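The structure that follows is given in the form of structure tokens.
All of the numbers you see were taken from the coordinates with simple rules; none came from a lab. Note that the structure is a prediction, hence the values are computed from the model and not measured. Cβ placement follows ideal geometry from the backbone for every residue including glycine, while neighbour counts extend to all protein chains displayed.
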Amino acid sequence: MIITKQKIEGVYLLKPEKVIDNRGFFARQFCKKELENFGLDFDIKQCNISSNYKKGVLRGMHYQKEPYPEIKIVSCFRGAVYDVVLDLRKNSPTYLKWDALELTEENAYSVYIPSGVAHGFQTIADNTFLFYQLGEFFMKDYYSGVRWNDPKFNIIWPECKNRIINERDKNYELWK
């Protein structure tokens, strides 16, 4: 894996080192040892999948509050997403800043998201499938989010005429 630091403190892009031949390619998608060598401690406690039927599905911006914050590794195994991270850690040098990456089945990239950083995405292809590796169990009472279009963050999302968002994500409170 090639691990690259991103604009948001503690966020890393994980690129597979593909071994390519006439059959396709083979690559390591996760390696605890390589992450540890890079100073990232990550124990997988839960894995989730997200299936999204249409281009324009927007999910986010989600995070899990203390005392059960989540570290995540998010990968796109089919389709493509515009993947967004938003730093909500008050003591971080990138507090309230955001960044976006494109995760696709072709590039096979993953993104490592530290605790305290909200995550969301918008699908940019039909039939998009994401895989989440989580460093904490889902705790319903600590699950939270911030509004995807909060003017305080000014996240720039891809243009979309038929954006699909559930009621919870539409109605998170604005950041105070």
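Can you bin the chain into rounded, prolate or oblate? Criterion: square roots of the alpha carbon gyration tensor eigenvalues sorted a ≥ b ≥ c, rounded for a/c under 1.5, prolate for a/b above b/c, oblate for the rest.
oblate
Show that you can apply the helix-only estimate: for the chain, add -39,500 (n - 2.57) for every DSSP H stretch of four or more residues, divide by all residues, and state [θ] at 222 nm to the nearest 500.
-1000 deg cm²/dmol
Please state the relative contact order of the range 51-176 as a whole percent: Cα pairs under 8 Å, 6+ residues apart? Walk me through the numbers on the way to the answer.
Details: 292 pairs, mean separation 48.8, N = 126.
Computed value for the range 51-176: 39 percent relative contact order.
Next question. With just the Cα atoms defining each centre, how far is the range 145-162 from the range 1-34? Give it in Å.
28 Å
What trypsin sites (Lys or Arg not before Pro) does the range 1-88 have in DSSP loop regions with at most 15 other beta carbons within 10 Å?
When the trypsin sites (Lys or Arg not before Pro) of the range 1-88 are filtered for loop state and at most 15 Cβ neighbours within 10 Å, 7, 18, 23, 28, 45, 54, 65 remain.
Another question about this same structure. Mind listing which chymotrypsin sites (Phe, Trp or Tyr not before Pro) in the range 79-149 are in a DSSP loop and have 11 or fewer other Cβ atoms within 10 Å?
137
Expressed in nm to one decimal, what extension gain is obtained for the pair residue 48 and residue 171 from 0.36 nm per residue of sequence separation less their Cα-Cα distance? Walk me through the numbers before you get to the answer.
Working: separation 123, 0.36 × 123 = 44.28 nm, distance 2.35 nm.
Computed gain between residue 48 and residue 171 is 41.9 nm.
Between residue 126 and residue 15, how many nm apart are label points set 7 Å from Cα along the C-beta direction?
3.1 nm
Something else now. Once the other residues with Cβ under 12 Å from the Cβ of residue 164 are scored (Lys, Arg +1; Asp, Glu -1), what is the net sum?
+3
Here is a follow-up. What number comes out for the charge environment of residue 6, summing +1 per Lys or Arg and -1 per Asp or Glu over other residues with Cβ under 13 Å away?
So the environment of residue 6 carries a net charge of -1.
Okay, next question. Taking a label point 7 Å from the Cα of residue 142 along the Cα→Cβ vector, which residues of the range 57-85 have an amide N closer than 14 Å to it?
63-72
Separate question: Across the chain, where is the longest run that never hits GluC sites (Glu not before Pro) in a DSSP loop with at most 12 other C-beta atoms within 10 Å?
18-105
Note down the magnitude of the dipole of the chain about its Cα centre, charges +1 on Lys and Arg C-beta and -1 on Asp and Glu C-beta and zero elsewhere, to the nearest 20 debye. Spell out each step's value before the answer.
On the way: 26 positive and 23 negative charges, 62 e Å.
Charge dipole, the chain, about its Cα centre: 300 debye, nearest 20.
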